[in-house]
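Trainee: The structure follows.
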Amino acid sequence: MESSQDLFKELENAEKLFSDGSIKNGQKIIKNVISKTKSLPSTPNKLRHKINSLISKSRYFDEISSFATNPKRFELISEITKIIDSSSTNLKKRAHKINKIQAKWQLLDTSGRPATKKQWLEFNSLTNEAWEPCKEYFDEIKEIKINNANKRENIIYQTKVFVEKHKKKWPEYKELVVFIRKISSEWQKYAPVLDEDYRNLKSEYSNVKKPIIDELRKYENINKQKKQELIKKVLEINDADNEMCINKFIKLKDQWKNIDSAGKKEDKTLWDEFNKKADRFFTEKKNIEAKEIKILLRLNEDLINSKKTVPEIQKELNNLKNLDNTKEFKLLNVNIQKELEKEKLIKRNNKIKSYENIFNILMKTCDISVAPKIIQPSLELSKKNSKSNSNELLYSCLRLEMMSGIKTNKKDQHLIDRIQLELLESKFNKSKKIIPNDMDMILIHFIENFSSKDYESLDMNIWPRISKCIEVLV
């Protein structure tokens, strides 16, 4: 015989089942304990108070269940009443409608608190009345119900086989969940059954799957403990670098995903608590980001107003983190690119201008210092030239036009042919030395063959053509 302490422990288990949402299993334990107390010499006050407390909770859950299912039962009674009042001549369709309503009624009894005696008598009376015109189809429906009962008996048998096979060593949590979901789906599929079969099948089904449900609860308790451990680990994260804190939390999150369910209700509560403990990291991150966005806005303003150069802006950007996807960063990056393009264009124009100065220097109207440095030595030497070599000047011009893709004059075709042959020969004969396809080298050749003393008298007007080439090549 069990002692009052044993019974008290059973009541604590019932209370836990209530907390986990397993109301019916908890109610069964309470009924069992009440039955066992009758064999005790006397019932201790502590045990009696515990029983009364749990009976009150049980009634409360019954009231909640009734509150949820009663409106649906009234809807089903209303649907049966409509069938009675209808004058449909399609009796087969009528019979199947009644059959579906009965199935829904039975499912309500399975998922919630069973109907009261008064509700059941009213529904049963109306169902019988609705069936009257369908007597010729009654046998067909009865056969369906009997077949459903056979299918449910088979489900009970399969569950028994599963339990016997695995009770010494249960499969992993997911396999048990898959099995329970499968048989539950099959069970609901084969409804309704005859009223005289319904309660027995329901009781047998509940009993046969209990070991599996109990094992799932054990797994869920273990999973709950694992998740609670991870919650503790979140609290232990306390690095000076907030980004490191977030990375550690993300790793814990990955571990969380690999832990199975702790029960539908517990999972949500634990998940919310787990994330709440990490809110401090993300709040700090948001505060840091808000400060850094202000810096981005200031940098953007400084760039637009030319208060800072691009390198200075980029140096400050290196100290900012995780802002790549913000609209402020993207805007600043666009403006940096615009500024770089602008600087590039200024450099190009200055370079073109420095090359275009070559002619003015050769004509002694400009100082040699404004020319590109690589050109300056040849400009200095050209001052000694007493005569220009018109052929080499034209040669230089044509080489530049060919390099830049600018159309050459037809009258110069003989020289163009010579240049092309020269280039081809140098390609296959490395010992043959020619001026390489380099703008500076060709311009130096031009300068070496130029003399300001006779250039104007040559009437060649070559420099404007060279100037166009420079604009393309620089």
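The values are calculated or read from the model by the stated rules, or taken from the named source; none is laboratory data. Predicted model only: the values in this text are computed from it and were never measured. Counting neighbours? That spans all protein chains shown, and the Cβs are built from the backbone with ideal geometry, glycine included.
Trainee: Identify, please: which residue in the stretch 441-467 is in a helix (DSSP H, G or I) and among the polar types (S, T, N, Q) and is, among those, modelled with the highest pLDDT?
Mentor: Taking the stretch 441-467 first, the residues in a helix (DSSP H, G or I) are 441-448, 455-458, 463-467.
Subset that is among the polar types (S, T, N, Q): 457, 467.
Details: SER457: 80, SER467: 91.
The extreme case among them is SER467.
Trainee: Of all the residues that make up the stretch 356-374, how many are more than 60 Å from the chain's Cα centre (by Cα) and β-branched (Val, Ile, Thr)?
Mentor: 4
Trainee: How many residues does the stretch 393-421 contain that are surrounded by fewer than 15 Cβ atoms within 10 Å (Cβ to Cβ) and either over 60 Å from the mean Cα position of the chain (by Cα) or at positive phi (or both)?
Mentor: Going through the stretch 393-421 one residue at a time, the tally reaches 10.
Trainee: Among the residues of the stretch 188-236, which ones are aromatic (Phe, Trp, Tyr) and part of a helix (DSSP H, G or I)? Don't jump to the end; show me each part of the working.
Mentor: Step one: filter the stretch 188-236 for residues aromatic (Phe, Trp, Tyr), giving 190, 198, 205, 219.
Across the stretch 188-236, the qualifying residues are TYR198, TYR205, TYR219.
Trainee: Taking interchain pairs and intrachain pairs at least six residues apart, which have beta carbon atoms under 9 angstrom, with the first residue in the stretch 426-440 and at pLDDT below 75 and the second not polar (S, T, N, Q)?
Mentor: LYS432/GLU422; LYS432/GLU425
Trainee: Ok, one more. Residues GLU284, GLU312: which one is farther than 30 Å from SER19 by Cα, in a helix (DSSP H, G or I) and at pLDDT below 85?
Mentor: Details: GLU312 fails: at pLDDT below 85.
Unique residue meeting the criteria: GLU284.
Trainee: Follow-up. On the given criteria, is SER184 of a type in the set (Gly, Ala, Ser), surrounded by 14 or more Cβ atoms within 10 Å (Cβ to Cβ) and under 21 Å from LEU17 (Cβ atoms)?
Mentor: Working: of a type in the set (Gly, Ala, Ser): yes; surrounded by 14 or more Cβ atoms within 10 Å (Cβ to Cβ): yes; under 21 Å from LEU17 (Cβ atoms): yes.
Spelling it out, SER184 is indeed of a type in the set (Gly, Ala, Ser), surrounded by 14 or more Cβ atoms within 10 Å (Cβ to Cβ) and under 21 Å from LEU17 (Cβ atoms).
Trainee: Restricted to the stretch 365-392, and to residues that are surrounded by 16 or more Cβ atoms within 10 Å (Cβ to Cβ) and of a type in the set (Val, Ile, Thr), which residue is farthest from LEU423 (Cα to Cα)?
Mentor: Among those that are surrounded by 16 or more Cβ atoms within 10 Å (Cβ to Cβ) and of a type in the set (Val, Ile, Thr), it is ILE368.
Trainee: Could I ask something else about it? Could you grab the pairs with beta carbons closer than 7 Å, sequence gap of 6+ or different chains, first residue in the stretch 199-215 and modelled with pLDDT of 90 or more, second one small (Gly, Ala, Ser)?
Mentor: If the second residue must be small (Gly, Ala, Ser), the pairs left are LEU201/ALA149.
Trainee: Right, here's the next one. Name the residue, out of GLU356, GLU401, GLU392, GLU380, that is under 20 Å from MET439 (Cβ atoms) and not assigned by TED's automatic domain parsing to the domain that holds ILE444. Don't jump to the end; show me each part of the working.
Mentor: Details: GLU401 fails: not assigned by TED's automatic domain parsing to the domain that holds ILE444; GLU392 fails: not assigned by TED's automatic domain parsing to the domain that holds ILE444; GLU380 fails: not assigned by TED's automatic domain parsing to the domain that holds ILE444.
When all the criteria are applied, what remains is GLU356.
Trainee: A further question follows. Consider ASP302 carefully, then state whether it is surrounded by 13 or more Cβ atoms within 10 Å (Cβ to Cβ) and either more than 30 Å from THR326 (Cβ to Cβ) or small (Gly, Ala, Ser) (or both). Write out each step before concluding.
Mentor: Numbers: surrounded by 13 or more Cβ atoms within 10 Å (Cβ to Cβ): yes; either more than 30 Å from THR326 (Cβ to Cβ) or small (Gly, Ala, Ser) (or both): no.
Spelling it out, it is not the case that ASP302 is surrounded by 13 or more Cβ atoms within 10 Å (Cβ to Cβ) and either more than 30 Å from THR326 (Cβ to Cβ) or small (Gly, Ala, Ser) (or both).
Trainee: Among the residues of the stretch 218-243, which ones are surrounded by fewer than 16 Cβ atoms within 10 Å (Cβ to Cβ) and within 18 Å of GLU175 (Cα to Cα)?
Mentor: Scanning the stretch 218-243 gives LYS218, ASN221, ILE222.
Trainee: Of these, ASN287, ASN318, ASN333, which one is under 25 Å from the mean Cα position of the chain (by Cα) and within 25 Å of ASN242 (Cβ to Cβ)? So that I can check it myself, show each step before the final result.
Mentor: On the way: ASN318 fails: under 25 Å from the mean Cα position of the chain (by Cα); ASN333 fails: under 25 Å from the mean Cα position of the chain (by Cα).
Going through ASN287, ASN318, ASN333 in turn, the sole match is ASN287.
Trainee: What residue, among those in the stretch 327-354 that are in contact (Cβ under 8 Å) with a residue 24 or more places away in the chain and surrounded by fewer than 15 Cβ atoms within 10 Å (Cβ to Cβ), is farthest from ASN300 (Cα to Cα)? Don't jump to the end; show me each part of the working.
Mentor: In the first step, residues of the stretch 327-354 are kept if they are in contact (Cβ under 8 Å) with a residue 24 or more places away in the chain; the result is 328-329, 331-332, 335-336, 339-340, 343, 348, 351-352.
Add one more test, that the residue is surrounded by fewer than 15 Cβ atoms within 10 Å (Cβ to Cβ), and what stays is 331, 340, 343, 348, 351.
Details: LEU331: 8, LEU340: 14, GLU343: 17, ARG348: 25, LYS351: 29 Å.
Ranking the candidates gives LYS351 first.
Trainee: Then there is this: Quick one: how many residues across the stretch 440-455 are surrounded by fewer than 18 Cβ atoms within 10 Å (Cβ to Cβ) and of a type in the set (A, V, I, L, M)?
Mentor: Here the count works out to 1.
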